[in-house]
Each structure stands twice: as structure tokens, then as C-alpha cells.
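*Asks:* Encoded as C-alpha cells, here's the structure I'll be asking about.
The values are calculated or read from the model by the stated rules, or taken from the named source; none is laboratory data. As the structure is a computational prediction, the values presented were derived from the model and not from experiment. Because the Cβ atoms are built from the backbone with ideal geometry, glycine has one as well, and the counts that use them run over all protein chains shown.
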Amino acid sequence: MSEPKSLYPELEPLLLSVSKPIQYVGGEPNSTTKAWNDTQVHWVLSYPDAYEIGQPNQGLAILYEVLNEQDWCLAERSFAVWPDLGTLLRAHSIPQFTLETHRPVGAFDVWGFSLSTELGYTNMLEMIDLAGVPIYSAQRGDDDPFIVAGGHCCANPEPVADFLDIVIMGDGEQAVVTLSTLVRDWLASGKAGGRDALLLKAAATGEFYVPRFFTVSYDADGRVESVIPNRPGIPERPSRWVLSNLDAWPYPKKPVVPLAETVHERYSVEVFRGCTRGCRFCQAGFITRPVRERSKAVIEAMAATGLASTGFDEIGLLSLSSADHSQIGEIAHEMADCYAGSSVSLSLPSTRVDAFNIDLATELARNGRRTGLTFAPEGGTERMRAVINKNVSEEDLIATVTTAFSQGWRAVKLYFMCGLPTETDEDVTAIAAMAHNVIKAGRTESGRRDIGCTISIGAFVPKPMTSFQWAAQCPPEVSLRRMRALKDTVRADRECGRGITVRYADPEPSLIEGLLARGDRRLSGLIEKVWRSGGVFDGWREYFSLERWMDAAAASGVEVGWYTCREREQDEVLPWDHLDFGLEREWLYNDYTDGLGASSLPDCRWSGCNLCGVCPAFSVANELAASKENPNGKE
Ligand code: SF4
């Protein structure tokens with residue numbers, strides 16, 4: 001294809017009348033522009049939300065560099081435009097564009113979407129439509145880009161399966177290069193065999209899921225009966241990509257430095273991938289097993305290179321639970337030493353309920369700011385925490401916060417979920433007593449009255465590929481009643497209530513998140529209907545409308561309660577059962593029933609394999625940096 005023209009001359013005059021126009025201008029430090037005709041495969045990478053949310057996405061930053069390092073590939077970025085610009089683009093017939101060169105997205109070969117929240121699905125449709133590309137895979141022609149999705153939502157992409165050409169499950173680094181090679185060969189052949197030929201080749205590897213080559217059938221009760229390949233030569237269970245040895249993939253090295261404001265402005269190093277703590281609600285943990293740690297030396301080198309290439313003055317040590325890295329104490333200590341006296345600050349997301357969390361926070365705070373201390377007991381009672389496999393006693397929590405208060409902290413934040421399986425009203429109101437005890441411990445330890453405790457509570461959504469994938473979702477009105485009762489109980493606490501703040505998120509969007517998380521292909525029409533009736537930016541409170549979703553569900557014959565608040569039978573075929581994330585179904589189900597019986601399971605990182613199935617499925621194992629440095633365990 002000849003080089004597509006920049007749309008900037010037509011776009012620029014419109015930017016005078018929209019909010020935050022800088023986000024559409026591009027040209028940021030470290031953004032990459034390449035000559036179209038010197039490269040063979042042209043990618044667009046998107047996060048279906050506004051620039052301020054999408055630009056800091058770590059997955060996108062990694063793939064952007066991995067692709068642009070191939071001299072035959074080109075990758076540019078494109079984010080969702082706000083409705084003010086969306087309206088103007090339509091009025092002036094200007095399609096969705098990339099930021100690097102303002103080329104029309106529809107002219108590219110592959111368009112990758114990172115899907116990390118189901119509430120971004122309507123934005124994805126809006127972007128595809130604005131690009132002038134048909135929203136349904138079946139309607140696209142040989143000159144349309146292949147729409148590829150990755151990210152955590154791909155644990156069950158079925159509700160958006162009809163819109164996608166290819167799904168990448170798991171780690172994207174190797175997958176995008178392999179896919180690019182297939183596309184390059186297909187383009188070089190003059191698109192021989194048409195679009196289907198490329199899709200068939202990708203599907204035949206068993207490493208890419210091509211939804212159109214799988215047929216779904218339903219039983220008389222509306223449950224999925226089977227999902228089976230409809231072409232010969234396609235493996236029945238496409239599988240996840242698992243990257244080993246993260247040290248060999250030290251990305252991002254030179255991330256784009258945003259010019260417009262974004263939610264995070266720091267250089268993030270992923271200290272490890274995967275988590276085996278086994279919290280039964282946590283999809284991110286289950287679908288990224290096992291743990292693969294980066295070594296201390298690589299983390300420190302990446303931080304130094306990343307700071308030098310971006311000019312950021314904050315380093316984030318990123319992962320699902322960074323305090324669990326086997327060398328995190330040394331890493332925090334050495335990095336705090338390294339950046340002492342400079343303007344560089346360090347941060348690390350940690351919600352561990354133990355004194356080590358405080359040691360780490362103290363170490364990281366040496367160089368300036370003292371950020372808040374956060375703990376995540378997640379459940380209000382001992383029983384509830386055993387159900388979700390969050391093995392923390394109230395005694396532990398009080399001992400931990402007492403240490404924090406003795407070291408000068410004056411406030412803590414506690415995270416909880418509401419609507420968990422087996423939960424009663426008392427499990428939620430018990431959170432008030434826990435917060436009461438936190439305040440009392442703080443006052444006693446510090447001798448001061450200005451001790452604060454913030455309770456942050458959100459509605460639980462059962463997710464695919466977790467032990468709770470069979471569980472009934474709690475109706476939003478029940479969650480709301482419990483959260484309000486918690487607030488009232490705190491308010492009635494005359495002794496400590498004034499020191500406690502309760503923050504809860506509206507559970508209504510969680511109902512739709514739950515619908516889309518465990519839905520099947522019959523939901524694509526509903527998503528389209530919501531989008532066509534104006535639904536975009538559903539992850540934003542000011543744009544989300546439950547009424548719009550419920551009206552569209554009624555019009556599409558979708559019974560929301562059936563998808564969300566219904567416990568599944570053990571043998572029910574789940575819409576995502578044909579996707580192989582390595583987890584043994586029977587193991588997951590046993591873990592579910594263990595959870596209902598409040599029986600806990602230790603972390604396989606430290607207590608031996610629990611036989612979930614992932615490691616043998618992909619010939620991998622937990623990779624701990626400390627054991628790599630000292631394989632024989634000698635001091
Ligand atoms: S197979 Fe064993 S060691 Fe590997 S993640 Fe599962 S439980 Fe852990």
C-alpha cells in the first residue's frame with residue numbers, strides 16, 4: 001500500500017475547540033516515527049480509553065518498543081478521543097488517527113487493543129467505527145487491519161469475540177513478533193488466499209485464538225453446550241503465551257514521555273510477573289502464574305537507563321505484589337542509597353499486612369516523600385478472609401499498624417471487597433470494629449488523637465479463570481445496603497468513628513463488568529446496541545449509564561441476572577473453557593469448594609507445588625531471583 005497521508009492539516013483547526021488538545025498532537029520525547037515504505041508490517045497499538053489513562057499502560061509501552069526494534073515493523077499509538085472531538089471528527093469525515101504521524105488507523109496492517117477492563121468495550125467499538133473499519137470481524141476485507149486483542153480481558157474474550165480477528169492470551173512480547181512474521185509473509189505473497197488464509201495460519205499454531213474459527217452451541221436452557229473448531233487443523237484449545245527469563249526482556253527502555261497530563265508520570269520497572277498467593281478472587285494472579293522475577297541487577301540497571309532516557313523523577317517498582325520479590329529488601333535499600341540526596345523518589349505498590357511492608361515503606365521514604373501506608377485485608381472477618389484465601393488475622397493487622405504508628409505514621413488505608421461468596425451483613429459491618437481497633441492501637445501507641453483510618457471498599461466481581469468463576473455475583477442493591485450499613489456503624493462509633501473515613505464505589509458499574517466478564521458471544525449485539533445508543537467511556541462515572549445497559553439488555557433479550565447472579569454448576573460448560581491458561585479445571589473447582597468451606601491454601605512459591613497445572617502445561621516454574629543467584633541455597 002502507498003504511504004497514507006497525515007491527517008494533521010485537517011485535524012489541527014478542530015483542536016482549537018476541544019478539551020485538552022495537547023493529547024492529540026503527539027511528538028512526545030521517545031515516540032518513534034519510521035518511514036512507511038521502509039517497513040513491511042505496520043501496527044497501531046491502542047488502549048481503549050483516553051490518553052491520560054492509556055499512555056502510561058506498561059503493556060503497551062513494552063510492545064511499542066519490541067515492535068519498533070524490528071527494523072521491518074513500525075508501531076504507532078492511538079487512543080480513544082473524547083466525545084467532543086469524536087463528534088467533530090465525524091462531522092468533518094476525519095477518521096481515527098495515530099499520534100506519531102496522524103496517519104489514518106484504517107491504513108495499517110494490524111491494530112492491537114490492550115483490554116484490561118470490560119468497561120472499555122464500547123470505546124473499542126467507537127474507535128474501530130471512527131477509523132472507518134467495520135466493527136464485525138466477518139465484515140472486514142483484505143485491506144482492513146487485523147484487529148488483535150490482548151490483556152486480562154482475554155481470559156474470556158467471548159462477549160467481544162465477533163469484533164476481534166485474533167486474540168493473544170498471556171505475555172505479548174514474543175507473540176507480537178511471531179504474528180508480525182505471519183503478516184509479513186502474507187503481505188509478501190500478495191495476500192494470497194485472502195484474509196482467511198492469514199487467520200487460518202495463525203489459528204493453526206494453537207497460539208493465537210481466532211474466534212471466527214470456533215462455533216458455539218447452546219443447550220435448551222441457554223447455557224453453552226460446546227465451543228469447537230469449525231475448520232480442520234485448528235487445535236481445540238488455543239493456549240496462552242508464557243515468557244520465561246524476564247531478564248532477557250528489559251522493556252521498556254525508553255518509554256514515551258507524555259506532554260499532556262496522565263495518571264502516572266514515572267518510570268516503572270516490572271520487578272516480577274505473576275503471583276501465586278492464590279487469592280481466590282484475583283484473576284490477575286491466576287492468569288499470570290507462575291512467578292517470574294527479574295534479578296536485582298537488571299531491575300537496578302533498568303531503573304538507571306529508564307530515568308536517563310525519560311527525565312522522570314520517580315521510579316515505580318511494579319508488579320501484582322512487589323513486596324513479595326525475593327530480594328525486595330536489598331533492592332529497596334540499594335536503590336534508596338543510590339538515589340539519596342537526588343530528586344528521585346521511589347514507590348512500590350504493596351498491600352501486604354506485615355511489618356515488612358512498613359520496613360519497605362520506611363526505606364523508600366528515606367529519600368523525601370512519605371506516602372500513605374496501605375493494607376488489604378479484603379474481608380472483614382477471619383472466616384471471610386479464609387474463604388478468599390487472604391490469610392491475615394486481625395491480630396497480624398493490629399500488630400502491623402501498631403508498628404507503623406510507633407514509627408511515626410498517623411494514618412493507614414485499608415482495602416476491602418463487598419459481595420464475596422458466603423458473605424453476610426455481619427462480615428461487612430465487622431470492618432467497622434476492625435477500623436475501631438486500628439484507631440485505638442494508634443492512639444495508644446502514639447499517645448496522640450489525630451490517628452486516621454480510611455476504609456476503601458468496592459463490589460466484588462467474579463472473574464473467569466479464577467476459583468470464583470462459578471460463584472454468583474452479589475446483586476448491587478445488596479452490596480450497597482451492606483456498604484451503607486458499614487458507614488452507619490462507623491458513624492455510630494462515638495469513641496473512634498471521627499477518625500474513620502469510609503469510601504465506597506458505586507456497585508452499579510460492577511454489575512455490567514460482571515455481565516461482560518462471564519458472558520458469551522450472545523452479548524456482542526448488546527454491546528453494539530449500547531454503543532449505538534451513545535455508550536462510550538463506560539469506565540467513567542459521568543458517562544456510565546446503568547439504564548442504557550439495562551434498556552439495551554431488555555431489547556436484546558439478555559437476562560442480566562442470569563449471567564451475573566447465578567451460581568454455575570460444576571459441569572456447566574463455561575464460555576471460556578476452550579481457552580488454555582494452563583489451570584486444571586478440577587483443581588480450580590476444588591479450590592472453589594475449599595474456599596466456600598473457609599479452607600486456605602499456602603503460596604506455592606514458598607510451600608511447594610499445589611498442582612494447579614500451569615507449570616507442567618507450559619514447561620515453566622516459579623523463577624525467584626534469590627534462588628537464581630544462589631541456586632544451591634548456600635550462604
Ligand atoms: S503448577 Fe504448582 S508451582 Fe506452578 S503455579 Fe501451579 S501450584 Fe504453583
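*Asks:* How many residues are within 23 Å of the chain's Cα centre (by Cα), buried (at least 21 other Cβ atoms within 10 Å of the Cβ) and within 12 Å of Y51 (Cβ to Cβ) when one looks only at the stretch 72-97?
*Replies:* 5
*Asks:* Find the residue count for the stretch 544-558, including only residues that are more than 26 Å from the chain's Cα centre (by Cα) and under 13 Å from R532 (Cβ atoms).
*Replies:* Counting residues in the stretch 544-558 that are more than 26 Å from the chain's Cα centre (by Cα) and under 13 Å from R532 (Cβ atoms) gives 4.
*Asks:* Name, by its number, the condition in (1) touching a strand residue (DSSP E or B) at 6+ places or on another chain (Cβ under 8 Å); (2) farther than 28 Å from A155 by Cβ that does not hold for Q58.
*Replies:* If we test Q58 against (1) touching a strand residue (DSSP E or B) at 6+ places or on another chain (Cβ under 8 Å); (2) farther than 28 Å from A155 by Cβ, just (2) comes out false.
The rows are residues; the columns are (1) without any contact (Cβ under 8 Å) to a residue 24 or more places away in the chain; (2) touching a Lys or Arg at 6+ places or on another chain (Cβ under 8 Å); (3) assigned to a helix (DSSP H, G or I).
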position	(1), (2), (3)
P9	yes, no, yes
S19	no, no, no
I22	no, no, yes
K34	no, no, no
N37	no, no, yes
V44	no, yes, no
D49	no, no, no
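*Asks:* Another question, then. Considering only residues that are surrounded by fewer than 21 Cβ atoms within 10 Å (Cβ to Cβ) and under 24 Å from K413 (Cα atoms), which ones fall in the stretch 506-527?
*Replies:* D506, E508
*Asks:* Do the conditions hold for E236, that is, is it acidic (D, E) and assigned to a loop (DSSP other than H, G, I, E, B)?
*Replies:* yes
*Asks:* Residue check, L243 against (1) of a type in the set (A, V, I, L, M, F, W, C); (2) over 15 Å from F581 (Cβ atoms); (3) part of a loop (DSSP other than H, G, I, E, B); (4) in contact (Cβ under 8 Å) with a residue 12 or more places away in the chain, all met but one. Which one?
*Replies:* Here L243 meets the rest and fails (2).
*Asks:* OK, next. Can you tell me which residues in the stretch 192-235 are touching a residue at least 40 places away in the same chain (Cβ under 8 Å), surrounded by fewer than 14 Cβ atoms within 10 Å (Cβ to Cβ) and more than 30 Å from E559 (Cα to Cα)?
*Replies:* G194
*Asks:* With the checklist (1) in contact (Cβ under 8 Å) with a residue 12 or more places away in the chain; (2) surrounded by fewer than 17 Cβ atoms within 10 Å (Cβ to Cβ); (3) among the β-branched types (V, I, T) in hand, flag the one item T181 doesn't pass.
*Replies:* Tallying (1) in contact (Cβ under 8 Å) with a residue 12 or more places away in the chain; (2) surrounded by fewer than 17 Cβ atoms within 10 Å (Cβ to Cβ); (3) among the β-branched types (V, I, T), T181 fails exactly one: (1).
*Asks:* Still on this structure, please answer the following. One residue is enough: does the stretch 359-381 have a residue meeting the conditions in a helix (DSSP H, G or I), modelled with pLDDT of 90 or more and surrounded by 21 or more Cβ atoms within 10 Å (Cβ to Cβ)?
*Replies:* Scanning the stretch 359-381, I find no residue that is in a helix (DSSP H, G or I), modelled with pLDDT of 90 or more and surrounded by 21 or more Cβ atoms within 10 Å (Cβ to Cβ), so the answer is no.
*Asks:* Also: Could you tell me whether the stretch 35-57 includes any residue that is surrounded by fewer than 20 Cβ atoms within 10 Å (Cβ to Cβ), over 16 Å from K254 (Cα atoms) and in contact with a Leu (Cβ under 6 Å, 6 or more places away or on another chain)?
*Replies:* yes
*Asks:* Do the conditions hold for G514, that is, is it within 30 Å of F163 (Cα to Cα), touching a Phe, Trp or Tyr at 6+ places or on another chain (Cβ under 8 Å), in contact (Cβ under 8 Å) with a residue 24 or more places away in the chain and not in a helix (DSSP H, G or I)?
*Replies:* It is false that G514 is within 30 Å of F163 (Cα to Cα), touching a Phe, Trp or Tyr at 6+ places or on another chain (Cβ under 8 Å), in contact (Cβ under 8 Å) with a residue 24 or more places away in the chain and not in a helix (DSSP H, G or I).
*Asks:* Let me ask something else about it. Residues to consider are R277, R240; find the one that is crowded, with 18+ Cβ neighbours inside 10 Å, within 16 Å of the ligand (Cβ to nearest atom) and more than 15 Å from L320 (Cβ to Cβ).
*Replies:* Testing whether each residue is crowded, with 18+ Cβ neighbours inside 10 Å, within 16 Å of the ligand (Cβ to nearest atom) and more than 15 Å from L320 (Cβ to Cβ) leaves just R240.
*Asks:* Could you please tell me which pairs satisfy a Cβ distance under 7 Å, a separation of 6+ or placement on different chains, a first residue in the stretch 590-618 that is in contact (Cβ under 8 Å) with a residue 60 or more places away in the chain and of a type in the set (S, T, Y), and a second residue that is assigned to a loop (DSSP other than H, G, I, E, B) and more than 9 Å from the ligand (Cβ to nearest atom)?
*Replies:* Listed pairs, sorted by first residue: S600/N389; S600/N391.
*Asks:* Further question on the same structure: Just the residues that are surrounded by fewer than 22 Cβ atoms within 10 Å (Cβ to Cβ), within 16 Å of the ligand (Cβ to nearest atom) and aliphatic (A, V, I, L, M), please, taken from the stretch 284-331.
*Replies:* Answer for the stretch 284-331, where residues must be surrounded by fewer than 22 Cβ atoms within 10 Å (Cβ to Cβ), within 16 Å of the ligand (Cβ to nearest atom) and aliphatic (A, V, I, L, M): A284, L320.
*Asks:* Further question on the same structure: Just to be sure I understand, how many residues within the stretch 244-283 are in contact with a Phe, Trp or Tyr (Cβ under 8 Å, 6 or more places away or on another chain) and β-branched (V, I, T)?
*Replies:* Number of matching residues: 3.
*Asks:* Then there's this: Filter the stretch 444-462 down to the residues that are touching a helix residue (DSSP H, G or I) at 6+ places or on another chain (Cβ under 7 Å) and either closer than 20 Å to D427 by Cβ or hydrophobic (A, V, I, L, M, F, W, C) (or both) and list them by number.
*Replies:* The answer is I451, C453, I455, I457, A459, V461, P462.
*Asks:* Ok, one more. Taking the stretch 106-144 as the region of interest, how many residues are part of a helix (DSSP H, G or I) and either touching a Leu at 6+ places or on another chain (Cβ under 8 Å) or more than 27 Å from A35 (Cβ to Cβ) (or both)?
*Replies:* Counting residues in the stretch 106-144 that are part of a helix (DSSP H, G or I) and either touching a Leu at 6+ places or on another chain (Cβ under 8 Å) or more than 27 Å from A35 (Cβ to Cβ) (or both) gives 14.
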